[in-house]
Amino acid sequence: QVQLVESGGGLVEPGGSLRLSCGASGLTFRLYTMKWYRQAPGKQRELVATISRGNVPNYADSVKGRFTISRDDAKNTVYLQMLSVKPEDTAVYHCNAEYYKSSYWGQGTQVTVSS
């Protein structure tokens, strides 16, 4: 049974930082491309960052230069380091694991950026 569990969300002030984690179990983690998505109320889900199994990252323009995605295959975990956060970063953040036609999702963690 595959499980993805996100953690690290919370309330942060504009300009602050936060690190999200997503721990995976029940799959061969190193084979999977890992992604972070977010969804704000009333908005479509947005792909935030991707890291391939070869450790190549990609970012949405909206977070480029502020967010960093990384992975630790020994710990079956993917991270999203968020710096210089803005109110528009407020959303539920979900991690996704993808390998060919297999795709798994976590339950999400809320990030709220507000003073």
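The values are calculated or read from the model by the stated rules, or taken from the named source; none is laboratory data. Values in this document were obtained by computation on a predicted structure and should not be read as measured data. All Cβ positions, glycine included, derive from the backbone under ideal geometry; neighbour counts span all protein chains shown. These area figures cover heavy atoms from the full protein model, side chains too; ligands, DNA and RNA do not enter into them. Shrake-Rupley method; radii C 1.70, N 1.55, O 1.52, S 1.80 Å.
Using the Kirkwood radius over C-alpha pairs as Rh, can you work out the diffusion coefficient of the chain via Stokes-Einstein at 20 °C, viscosity 1.002 mPa s, in µm² per second? Please report the intermediate quantities before stating the final value.
Numbers: Rh = 14.0 Å.
Reported coefficient: 153 µm²/s.
Probe 1.4 Å, all protein chains in place: accessible area of residue 78 in Å², nearest 10?
We get 0 Å² for residue 78.
Any idea which of 14, 34, 115 is furthest toward the positive side of the dipole for the chain, if Lys and Arg beta-carbons carry +1 and Asp and Glu beta-carbons -1?
34
How would 104, 32 line up by accessible area, probe 1.4 Å, largest first?
Numbers: 104 75, 32 20 Å².
Descending order: 104, 32.
For region 61-89 and region 1-50, what is the separation of their C-alpha centers, rounded to whole Å?
Taking the Cα centre of region 1-50 as reference, the centre of region 61-89 is 8 Å away.
Need one value: the accessible area of residue 18 in square angstrom, 1.4 angstrom probe, rounded to the nearest 10.
Rounded to the nearest 10, that gives 30 Å².
Let me have the relative contact order for region 41-115, percent, based on Cα pairs under 8 Å that are six or more residues apart.
On the way: 88 pairs, mean separation 14.7, N = 75.
Answer for region 41-115 is 20 percent.
Starting from the Cα-Cα distance between residue 40 and residue 75, subtract it from 0.36 nm times their residue separation and give me the gain in nm to one decimal. Each step should come with its number before you reach the end.
Details: separation 35, 0.36 × 35 = 12.60 nm, distance 2.90 nm.
In short, 9.7 nm is gained.
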